[in-house]
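The values are calculated or read from the model by the stated rules, or taken from the named source; none is laboratory data. Computed from a predicted structure; not experimentally measured. Note that each Cβ is placed from the backbone with ideal geometry, even for glycine, and that neighbours are counted across all protein chains shown. What goes into the accessible areas is simple: the full protein's heavy atoms, side chains included, and nothing from ligands, DNA or RNA. Shrake-Rupley method; radii C 1.70, N 1.55, O 1.52, S 1.80 Å.
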Amino acid sequence: MKITAAYTDLYQLTMAQVYFKTKPDGRAVFDYYYRSNPFNGGYVIFAGLENVLDILENLKFVDSDLEFLEQHGFEQEFLDYLKDFRFHGTIRSSQEGDVVFPNRPILQVEANIIEAQVIETMLLNLLNFQSLIATKANRIRHSAKDATLLDMGLRRAHATGGYYASRAAVIGGFDGTSNVKAAEDFNITASGTMAHSFIQSYGDELQAFRDFAKVRPKNCVLLIDTYNTLRSGLQNAITVAKEMEQEGEQLMGVRLDSGDLAYLAKQTRKILDDANLGYVKIVASNQLDEFVIKSLKDQGAPIDIYGVGTNLVTGKPDAALGGVYKLSEFNDDPRIKLSENIIKVSLPYKKQVYRMLDKAGMFYGADAVAMFTEDTIEQMEHPFDATKHMSLKGFEYEALLQEVMTDGKRISMSRTVTEIAAYSKSRLEKLPEEYKRFQNPHIYKIGLTPQLKKERDILVLKHKF
């Protein structure tokens, strides 16, 4: 699907038309962030930035978009403006693949108010979904340890969301995908086996295996649970493996897709080893997730490759990351959104985020949100509890929001999915284990510098009724 500037919500355009008539030169700063970690976890893997930058560089309304908007009552003068619409703003962002945490800016847009408003929906759509799936994938990677992980979820994905899910899965730590188009476009390893229907179409399981191995001898994996896993499928796979050896080939693996995977994997491994087929790998699929894989690992199941589908690409059980896009500055004046729910009170002003590092270069467990003009970070305050603060003197820290696009043109080097995945792995290695555990992970501290907190509180009092 080709994304044009019409890939947005209607209310973005109705607001834009009013801006066009009343404040066409307004300059806005928006923050992208999320409020709570998905999956009851301790972090999120930020994903989707490269796609957003690529789209923004070429974003425009095409003739069919303008014709459609004309039918919905938009004025001709505004449509003429949209005909020449381009994004000319600045993007400052965390690097794609980084580990991020709630309630701190992950990405910042500084642009004309119309441009900044029109891109909101597309930005949220791509960043929220891919960050959710990359995070789910990384949790699965954490359980699987060094085993091979394959995304097999396209058929269960939410329509074309499966395309970006495959990309995000690799950023989160997966090794390959069954999704041919995503593999082609993102240079991901493509991998696949066979379906039960292939075997059923023959009637004779052994002949089905023989034909498949003859035509596809390289990376050949045979699905052994169509009729009876141990007494039929595995025995026929062994027969074919021996025949392949005589042809100078090797069977790569056998796949288990139903039943008691731990028991069947153990029995399969023993029978294969007894047949001098120790090199044949065991592949497992069937409604896997981080918890099932952890259980299989704990039971000592000798599984080499996990194919994960539905639970990965749908982000089960959360299904969505609640990322938001909030105005923090307009024409150099701060803006704030208030709420009876204190977690929904936004942060004003253009900002920078600093990550604290210990002497070993590990993440210390604290990110400080500062005014953009601050360059010395010595203390951070709890956003809402006046009794909690933390000295940052003596810490090394790094600025996380880096300029990646200026005047609508990317200035950062484009990175491949493989490079982003490697970067993400390196960042996760700096995150202490207590933040990665599945049950009751340690909470990563997010604080405000005293200056930002003071300015935020002034605005709260100014607008509070």
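Does the range 126-146 contain at least one residue that is within 22 Å of Val369 (Cα to Cα), crowded, with 23+ Cβ neighbours inside 10 Å, hydrophobic (A, V, I, L, M, F, W, C) and touching a residue at least 60 places away in the same chain (Cβ under 8 Å)? Checked against the condition, which is being within 22 Å of Val369 (Cα to Cα), crowded, with 23+ Cβ neighbours inside 10 Å, hydrophobic (A, V, I, L, M, F, W, C) and touching a residue at least 60 places away in the same chain (Cβ under 8 Å), the range 126-146 yields at least one hit. Scanning the range 11-37 for residues that are open to solvent by 60 Å² or more (accessible area, probe 1.4 Å) and within 22 Å of Glu57 (Cα to Cα) gives Asp25, Arg27.
To keep it simple, each residue is scored yes or no on (1) open to solvent by less than 10 Å² (accessible area, probe 1.4 Å); (2) β-branched (Val, Ile, Thr); (3) farther than 26 Å from Gly42 by Cβ.
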{"residue": "Lys351", "(1), (2), (3)": "yes, no, no"}
{"residue": "Leu357", "(1), (2), (3)": "no, no, no"}
{"residue": "Gly394", "(1), (2), (3)": "no, no, no"}
{"residue": "Thr406", "(1), (2), (3)": "no, yes, yes"}
{"residue": "Arg415", "(1), (2), (3)": "no, no, no"}
{"residue": "Ala421", "(1), (2), (3)": "no, no, no"}
{"residue": "Arg427", "(1), (2), (3)": "no, no, no"}
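For the range 359-392, the set of residues classified as open to solvent by less than 30 Å² (accessible area, probe 1.4 Å), among the small types (Gly, Ala, Ser) and assigned to a strand (DSSP E or B) consists of Gly365, Ala366, Ala368, Ala370, listed by residue number.
Among the criteria (1) touching a helix residue (DSSP H, G or I) at 6+ places or on another chain (Cβ under 9 Å); (2) open to solvent by 50 Å² or more (accessible area, probe 1.4 Å); (3) part of a loop (DSSP other than H, G, I, E, B), the one Leu347 does not fulfil is (2).
If I ask for residues that are more than 20 Å from Arg104 (Cβ to Cβ) and either surrounded by 17 or more Cβ atoms within 10 Å (Cβ to Cβ) or touching a residue at least 24 places away in the same chain (Cβ under 8 Å) (or both), which ones from the range 429-438 would you list? Those that are more than 20 Å from Arg104 (Cβ to Cβ) and either surrounded by 17 or more Cβ atoms within 10 Å (Cβ to Cβ) or touching a residue at least 24 places away in the same chain (Cβ under 8 Å) (or both): Arg437, Phe438.
For the range 88-116, what are the residues that are open to solvent by 10 Å² or more (accessible area, probe 1.4 Å) and either in contact with a helix residue (DSSP H, G or I) (Cβ under 9 Å, 6 or more places away or on another chain) or among the charged types (D, E, K, R) (or both)? Residues satisfying the conditions are His88, Arg92, Gln95, Pro102, Asn103, Glu110, Asn112, Glu115. Restricting the search to the range 369-393, which residues are within 14 Å of Tyr354 (Cα to Cα) and without any contact (Cβ under 8 Å) to a residue 24 or more places away in the chain? Once the filter is applied, which keeps residues that are within 14 Å of Tyr354 (Cα to Cα) and without any contact (Cβ under 8 Å) to a residue 24 or more places away in the chain, the range 369-393 yields Phe372, Thr373, Asp375, Thr376, Glu378, Ser391, Lys393. Tell me yes or no: at least one residue of the range 350-365 is in contact with a Pro (Cβ under 6 Å, 6 or more places away or on another chain) and among the polar types (S, T, N, Q). No: zero hits.
Close contacts from the range 53-67, counting a first residue that is on the phi < 0 side of the Ramachandran plot and a second that is in a helix (DSSP H, G or I), with Cβ to Cβ under 6 Å and a gap of 6+ residues or different chains, come to Phe61/Leu82; Leu66/Leu79.
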